[in-house]
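Single-structure report; data block below.
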Amino acid sequence: METIELKSELELKLATLEQQVGKTPLFDFSALLINPNVKLFAKLEWQQLSGSVKARAAFGIIQQAIEEGKLDEHKVLLDASSGNTGIAYASIAKELGIAFTLVLPENASQKRKDILEELGANIIYSSPFEGTDGAQLLAKEINESKAEKYFYADQYNNDSNWKRHFETTGPEIWEQTKGKVTHFAASLGTTGSFVGVGKYLKMQSDEVCLVQMQPDSPMHGLEGWKHLETAKVPGIFDQNLADKNVDVSSEEAMKMIQTVYRKFNLKISPSSAASLVGAKQIAEELNEGVVVTILADDGSKYEEVYESLGLKL
């Protein structure tokens, strides 16, 4: 007699939520280039649940934890984030009826704090001088002090982070470019998107060039990006994966925000603008090719940045 597997209420809710994660459009930014034989595309990752690329990793981590019995309505989801992953966790946890505690650097933007509070997140602030590295340390201490209470997601060391990109973002890019992508460029933060997409694309074609992008200075203004030479390197990072490294300045990112606003009528974040700067630099070095990058989020959480540039959100 065939056994019928009964899904829990949480698993059923997850299946519904999954329809809102991923499947983002690929936008053509080739008008930024002079050479017609080179194409530049970017995934508009804010067009999904929670408004950023982090919905993918957050969903993958939560889904895996629930399936393995490590997270349910009786445990508290815990992690550290500078903002976008926290918002993704909070959005998903709210829909699932799971409590969520976030360790957030105190100098995170007020807009992010407001969004997190509206979503019902319990926020514990870490030192504004230690960034996400300090937030990670505090989250680890909180978990160790009361491990039975929490499921510590640990996004920087959780393989579900990069695997979700391997399973979804990579295939989407391959299909949307009809297998013609020659270069993939992504910023390094948790490094999940770079590692996951990079591994998938290399499986499809070893000829795809993988470009990791970092801030050009430890003192940068690119939220979510890491300067790996001076920061704690995520456990999921594969240092042998990249074919090339590109450094991007915060100043060039600010200029790109203005360019994209006026040329394409798109409002993007500083980190997304920086990704375009780096990808454009790669594209301009080519005689022919298809360059793809990821735009993590839009400009909706960056009112002060847009005001300083004389632009309207």
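In the list 170, 97, 189, 83, which residue meets the criterion of being in contact (Cβ under 8 Å) with a residue 24 or more places away in the chain and over 25 Å from residue 272 (Cα atoms)? Talk me through it step by step, then tell me what you get.
Numbers: 170 fails: over 25 Å from residue 272 (Cα atoms); 189 fails: over 25 Å from residue 272 (Cα atoms); 83 fails: over 25 Å from residue 272 (Cα atoms).
Just one listed residue meets the conditions, 97.
Among the residues of the range 121-164, those identified as part of a helix (DSSP H, G or I) and either acidic (Asp, Glu) or outside the structural domain of residue 100 (by TED's automatic domain parsing) (or both) are 133, 141, 144, 159, 160, 161, 162, 163, 164.
Sort through 156, 125, 200 and tell me the only one that's within 21 Å of residue 112 (Cβ to Cβ) and buried (at least 21 other Cβ atoms within 10 Å of the Cβ). The conditions single out 156.
The lone criterion from (1) under 20 Å from residue 21 (Cα atoms); (2) at pLDDT below 95 left unmet by residue 153 is number (2).
The residue of the range 22-47 that is farthest from residue 295 (Cα to Cα), among those that are surrounded by fewer than 21 Cβ atoms within 10 Å (Cβ to Cβ) and within 15 Å of the chain's Cα centre (by Cα), is 23.
Counting the residues of the range 101-141 that are out of contact with any helix residue (DSSP H, G or I) (no Cβ under 9 Å at 6 or more places or on another chain) and on the phi > 0 side of the Ramachandran plot gives 1. The requirement of being of a type outside the set (A, V, I, L, M, F, W, C), closer than 21 Å to residue 245 by Cα, assigned to a loop (DSSP other than H, G, I, E, B) and modelled with pLDDT under 95 is fulfilled somewhere in the range 172-189, by at least one residue.
Just for the range 202-252: of the residues that are aliphatic (A, V, I, L, M) and not in a loop (DSSP other than H, G, I, E, B), which one is farthest from the chain's Cα centre (by Cα)? For the range 202-252, the residue satisfying everything is 203.
The values are calculated or read from the model by the stated rules, or taken from the named source; none is laboratory data. Please read these numbers as outputs of a predicted model, since none were measured by experiment. Every residue, glycine as well, gets a Cβ built from its backbone with ideal geometry; the counts of neighbours run over all protein chains shown.
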